[in-house]
Amino acid sequence: MAMEQIKVHCVSFESSSSGSVNWYFRKEDAEKAFSESIEDPVFSRDTITRFDAEMSDLLSPEACTKCVDEMMSLKDYTPLQIRVGEDGCNQDVADKFEYVKNSKFFADPRGITWAVRYVRESELYGRDLCLVHEEEDPLVEFYDTRYPHTPIGQFVSRYFLSTLLERCTSDERGIMLDPEPSWSVSGVCLKEILGWAKALRVADLLESLLACFNDEQEIEDFTVSDDSDEIYQAKDGTDPLFRHWLSDCRLQEAIEYLDLTS
């Protein structure tokens, strides 16, 4: 009979001279520990990483601790969150995490596997991740995985998501990323990439919308407004929650992305 596997949730603390790791049965406990630790001046020099580990449910707590310690020392894990401390330990792991965390690989029938990276506002991009994206419109970056210039391949090109949608939604021929003939994305592959990127954008927009809701606030019925500057408004026209969303049209944008995805 195969042994049952359990997932434990880990938070490690590493510097150039020491390291330790705590593990939790509940994901929420690990997330809380990570959030509190990165704000604690005591750990300002440490690189703090949150990751998951799977192991046999028959292991004792001491054996579990030994396993996650070994994973930390060998860097045999996939980071879920990471904060590099003043010591600079694990900067290479953090750089790889930054490249990989919002990336997905797409096999193009033309013979290239593309790594496509989705860059949100305030996230890093550019050579050696030296730039901060300051626009709300996400960036979509293309990397050729055949050449290991970065953790996900050689950078080829980047576009605003809105630009790709305008240029490529109805174009089944794909897109040429560079004068180099091999650096073109087929229509089939591009359709998959845009579907993935649009789904991320919709999720971001809806998450922002939900963040406006206060758990204690009861939302009344609302009606559609004829005013193009206010997509929705409350019955009395004064509800600050809806007036906020109406002015920047994010809800309308989410609906438009959903229409494009369907």
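Table for the structure above
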| item | result |
| --- | --- |
| Residue in region 83-92 that is farther than 19 Å from Ser35 by Cβ and touching a Cys at 6+ places or on another chain (Cβ under 6 Å) present | no |
| Complete set of residues in region 44-75 that are charged (D, E, K, R) and outside any loop (DSSP other than H, G, I, E, B) | Arg50, Asp52, Glu54, Glu62, Lys66, Asp69, Glu70 |
| Test result for Ala63, more than 12 Å from Ser12 (Cα to Cα), at pLDDT 85 or above and in the same structural domain as Glu141 (by TED's automatic domain parsing) | no |
| Residue match in region 14-33 (condition: at negative phi, in a helix (DSSP H, G or I), in contact with a helix residue (DSSP H, G or I) (Cβ under 6 Å, 6 or more places away or on another chain) and assigned by TED's automatic domain parsing to the domain that holds Lys66) | no |
| Any hit, region 106-114, residues being under 19 Å from the mean Cα position of the chain (by Cα) and either closer than 19 Å to Gln154 by Cα or of a type in the set (S, T, N, Q) (or both) | yes |
| Condition check for Asp128: of a type in the set (D, E, K, R) and more than 21 Å from Ile82 (Cβ to Cβ) | no |
| Restricting region 100-110 to residues that are over 18 Å from Ile175 (Cβ atoms) and touching a strand residue (DSSP E or B) at 6+ places or on another chain (Cβ under 7 Å), the residue that is surrounded by the most Cβ atoms within 10 Å (Cβ to Cβ) | Ser103 |
| Cross-chain or 6+ apart pairs with Cβ under 7 Å, region 73-86 first and under 11 Å from Cys10 (Cα atoms), then part of a strand (DSSP E or B) and small (Gly, Ala, Ser) | Tyr77/Ala53 |
| Which listed residue, of Ser35, Ser12, Ser44, is farther than 30 Å from Val188 by Cβ, within 26 Å of the chain's Cα centre (by Cα), among the small types (Gly, Ala, Ser) and crowded, with 17+ Cβ neighbours inside 10 Å | Ser12 |
| Condition check for Thr49: within 30 Å of Leu131 (Cα to Cα), buried (at least 18 other Cβ atoms within 10 Å of the Cβ) and either without any contact (Cβ under 8 Å) to a residue 40 or more places away in the chain or out of contact with any Phe, Trp or Tyr (no Cβ under 7 Å at 6 or more places or on another chain) (or both) | yes |
| Region 111-144, residues that are basic (Lys, Arg), surrounded by fewer than 14 Cβ atoms within 10 Å (Cβ to Cβ) and in contact with an Asp or Glu (Cβ under 7 Å, 6 or more places away or on another chain) | none |
| Strands (runs of 3 or more DSSP E) enclosed by region 76-148 - at least 1 residues per element that are farther than 24 Å from Asp46 by Cα | 103-107, 113-119, 139-144 |
| Meets criteria (in the same structural domain as Arg26 (by TED's automatic domain parsing) and surrounded by fewer than 15 Cβ atoms within 10 Å (Cβ to Cβ)) for Thr78 | yes |
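For every residue, the table says whether it meets (1) in contact with a helix residue (DSSP H, G or I) (Cβ under 8 Å, 6 or more places away or on another chain); (2) within 19 Å of Val21 (Cβ to Cβ); (3) of a type in the set (A, V, I, L, M, F, W, C).
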{"site": "Glu54", "(1), (2), (3)": "no, yes, no"}
{"site": "Leu59", "(1), (2), (3)": "yes, yes, yes"}
{"site": "Cys64", "(1), (2), (3)": "no, yes, yes"}
{"site": "Cys67", "(1), (2), (3)": "no, yes, yes"}
{"site": "Leu80", "(1), (2), (3)": "no, yes, yes"}
{"site": "Arg83", "(1), (2), (3)": "yes, yes, no"}
{"site": "Asp87", "(1), (2), (3)": "no, yes, no"}
{"site": "Tyr99", "(1), (2), (3)": "yes, no, no"}
{"site": "Ser103", "(1), (2), (3)": "no, no, no"}
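The values are calculated or read from the model by the stated rules, or taken from the named source; none is laboratory data. Bear in mind the structure is a predicted one, so any value in this text is a computation, not a measurement. FYI the Cβ positions are ideal-geometry reconstructions off the backbone, even for glycines, and counts take in every protein chain you see.
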